[in-house]
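Comments concern the structure below.
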């Protein structure tokens, strides 16, 4: 009988007493609460100065793509299944929520969130709303697909078609190559 | 001052933060994330550099405000937590001043900024120095003309709100924004440390 081994992420947490900074795998990480993440998301949504939603998603894409690419290289993670498992686990370890990639290919994909820091934080703070708010995760998914398939930034277009913040049981993201 | 900063930092920096089976981190009456500093810096810096000079102040206010609300609610969660009661509370002699000193030790332990209060006039003014903070990472060469520690500004003002702004209000309608903070020095601007002055809001 075949044995399936689940790939488990290795996160090396360090606190540097000299600088008083925390790092995960040598990348500085910081703790913030749902007020901060939802206010940044609201700022991006309300921003009349520029396209804040796009900006927040792009920053997220760049940041998480960089983390995942480095992780895959350092740990010699090679298969798409292993890479997806790592990306889902990192998402959960950071407190962003519970993510399930239901399918992924070079041209498209589908991703569900069973739990979402941003959506559940938003509901806790302001209640439900009918428009998506999880621009951070849209960017995370774009960055994850870049890292999975070795693509350049802004290769994928990610749309949140169902959202926990609107009352859906799960958030659903649809990914398509531009 | 009765707060043993070194002890607080040593204890509070060891708290393990990791997502539960739902990928969430409920703690201190809020949900927490542990994200790369580059993410927060990236959004703040791209936003403030792209909006143009006329809208810069508005953009900065929005960023400071996010931290102000976060600092108010999370700060309250921290100073009423079991961890606080175990580590910091026994050192508190003078309220609320010792609580403020303890809060900045926790602020340091959590990796927001290696910071301490250098001047405190109760219910009037507080000066905070930060000797290392992630928001200064926006500059890796040279010195910027723009101070970038929006998160520290917001949290410093929030801590004064908690200390002197009256009873904590979970809705944030009262108590919040009774103080404001200005950054007067910044590592990102070539200064040796960041300096933050908190006074009553106008």
Kindly identify the protein assembly as shown as rounded, prolate or oblate by the Cα gyration tensor criterion: order the square roots of the eigenvalues as a ≥ b ≥ c, call it rounded if a/c is under 1.5, otherwise compare a/b with b/c, prolate if a/b is larger, else oblate. prolate
Which part of segment B:59-88 falls in the paramagnetic zone of residue B:20, meaning amide N under 16 Å from the point 7 Å along Cα-to-beta-carbon? B:82
Taking the number of other C-beta atoms within 10 Å as the exposure measure, put A:170, A:74 in order starting with the fewest. A:74, A:170
Once residue A:107 and residue A:176 are pulled to full extension, the length gained, defined as 0.36 nm per residue separation minus their Cα-Cα distance, is 24.3 nm
Rounded to 0.05, the calculated FRET efficiency for the beta carbons of residue A:162 and residue B:192 at R₀ = 41 Å is 0.20
Rounded to the nearest 500, the 222 nm mean residue ellipticity computed for chain A from DSSP H runs (n ≥ 4, each -39500 (n - 2.57)) alone is -14000 deg cm²/dmol
Cα-based helix-to-principal-axis angle, B:150-164 vs chain B, degrees rounded to 10: 40 degrees
Before rounding to the nearest 500, sum -39500 (n - 2.57) across all DSSP H runs of length at least 4 in chain B and divide by the residue total; then give [θ] at 222 nm in deg cm²/dmol. -13000 deg cm²/dmol
Pop a pseudo-label 7 angstrom from the Cα along the beta-carbon direction at both residue B:57 and residue A:78 and give the gap in nm to one decimal. 6.0 nm
The helix B:97-109 Cα axis meets the longest alpha-carbon principal axis of chain B at an angle in degrees, between 0 and 90 and rounded to 10, of 60 degrees
Fewest Cβ neighbours within 10 Å first, please rank B:61, B:40 accordingly. B:61, B:40
Sort A:41, A:23 so the one with the fewest other Cβ atoms within 10 Å of its own Cβ comes first. A:23, A:41
Spin-label point model (7 Å from Cα, Cβ direction): what's the residue A:124 to residue A:45 distance in nm? 1.7 nm
So if we plug the beta-carbon distance of residue A:169 and residue A:13 into 1/(1 + (r/R0)^6) with R0 = 22 Å, what FRET efficiency do we get, rounded to 0.05? 0.10
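Laboratory data are not the source of any read-out in this text; all were calculated from the coordinates shown. Not measured: the values here are computed from a predicted model. Positions of Cβ are generated from backbone atoms using ideal geometry, with glycine treated the same way; all protein chains shown enter the neighbour counts.
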